[in-house]
1. Return the pairs, sorted by first residue and then second, in which the second residue is of a type outside the set (A, V, I, L, M, F, W, C), the first residue lies in the range B:83-99 and is surrounded by fewer than 20 Cβ atoms within 10 Å (Cβ to Cβ), the beta carbons are less than 7 Å apart, and the residues are 6+ apart or on different chains.
2. Suppose we keep only residues that are within 14 Å of chain A (Cβ to nearest Cβ) and outside any strand (DSSP E or B) within the range B:100-111. Which one would you say is surrounded by the most Cβ atoms within 10 Å (Cβ to Cβ)?
3. Looking at the range A:52-69, which of its residues are outside any strand (DSSP E or B), within 13 Å of chain B (Cβ to nearest Cβ) and open to solvent by 50 Å² or more (accessible area, probe 1.4 Å)?
4. Looking for whichever is small (Gly, Ala, Ser), away from chain A (no Cβ under 14 Å) and outside any strand (DSSP E or B) here; the options are B:SER58, B:SER53, B:SER80, B:SER74. Which one fits?
5. Tell me, which residue of the range B:23-40 that is open to solvent by 10 Å² or more (accessible area, probe 1.4 Å) and part of a loop (DSSP other than H, G, I, E, B) is nearest to B:SER73 (Cα to Cα)?
6. Can you tell me how many residues within the range B:41-73 are buried (at least 16 other Cβ atoms within 10 Å of the Cβ), modelled with pLDDT of 95 or more and small (Gly, Ala, Ser)?
7. On the basis of being open to solvent by 60 Å² or more (accessible area, probe 1.4 Å), within 13 Å of B:THR106 (Cα to Cα), of a type outside the set (Ser, Thr, Tyr) and within 14 Å of chain A (Cβ to nearest Cβ), does B:GLN9 make the cut?
8. Can you name every residue in the range A:100-112 that is modelled with pLDDT of 90 or more and either more than 7 Å from chain B (Cβ to nearest Cβ) or surrounded by 20 or more Cβ atoms within 10 Å (Cβ to Cβ) (or both)?
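The values are calculated or read from the model by the stated rules, or taken from the named source; none is laboratory data. Note that the coordinates shown come from a computational prediction; the quantities given were computed from them, not determined experimentally. When we count neighbours, we look across all protein chains shown, and the Cβ atoms used for this are built from the backbone with ideal geometry, even at glycine. Ligands, DNA and RNA are excluded from the accessible area calculation, which covers all protein heavy atoms including side chains. Shrake-Rupley method; radii C 1.70, N 1.55, O 1.52, S 1.80 Å.
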Amino acid sequence: KAGVTQTPRYLIKTRGQQVTLSCSPISGHRSVSWYQQTPGQGLQFLFEYFSETQRNKGNFPGRFSGRQFSNSRSEMNVSTLELGDSALYLCASRLGDYNEQFFGPGTRLTVL
Amino acid sequence: KNQVEQSPQSLIILEGKNCTLQCNYTVSPFSNLRWYKQDTGRGPVSLTIMTFSENTKSNGRYTATLDADTKQSSLHITASQLSDSASYICVVGRDDYKLSFGAGTTVTVRA
């Protein structure tokens, strides 16, 4: 079956702009999580959605938001981009709380 | 302070040699521990998942151990190959389905 897909794969924006990233989980998976990964910080948890509800949230400012649709697809939005938002944004889905988490290939965001 | 500490931060080994990566955690209440492999520029891929009652789990040349009493886990790579060059991330899951991530260990395998 198809894995987790993320679009776009690469994105270049300038400071102050906003961006929307998309994630399609594996079919049947209702949990979708978003992570930010930078070379110095490793994987940082942004938020998790389960059945269209945000279930957990990491320590990121309100500029980072997300949502999940009824088909479990999820979007993440970052407003008023800052240089420090340049990172690899990863989406992961899992069937249940104790199941394996499958990651997508990520979206590489560069803020100039 | 990160609740999942990995060591070493990086290591270099020769092809064919074995190596062991360490993960110490303080996450509570503990539910499960996962090891992921992440190749450069790609998303992490799960290697093993262990619950409280499991103390060893293998996936090919990768063997993970868990000591829930001392809150330590290790990942042993046997007969390393060039394709093992990657970052290895330890992730601890809590009962409330939150996950805590270690910073990772970067392994470089040289011919």
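1. B:SER85/B:THR108; B:ARG94/B:PRO29; B:ARG94/B:SER31; B:ASP95/B:PRO29; B:ASP95/B:SER31; B:TYR97/A:ASP97; B:LYS98/A:ASN56
2. Here the answer is B:GLY102.
3. A:ASN59
4. B:SER80
5. Selected residue: B:THR26.
6. Of the residues in the range B:41-73, 2 are buried (at least 16 other Cβ atoms within 10 Å of the Cβ), modelled with pLDDT of 95 or more and small (Gly, Ala, Ser).
7. Spelling it out, B:GLN9 is indeed open to solvent by 60 Å² or more (accessible area, probe 1.4 Å), within 13 Å of B:THR106 (Cα to Cα), of a type outside the set (Ser, Thr, Tyr) and within 14 Å of chain A (Cβ to nearest Cβ).
8. Passing the criteria: A:PHE102, A:PHE103, A:GLY104, A:GLY106, A:THR107, A:ARG108, A:LEU109, A:THR110, A:VAL111, A:LEU112.
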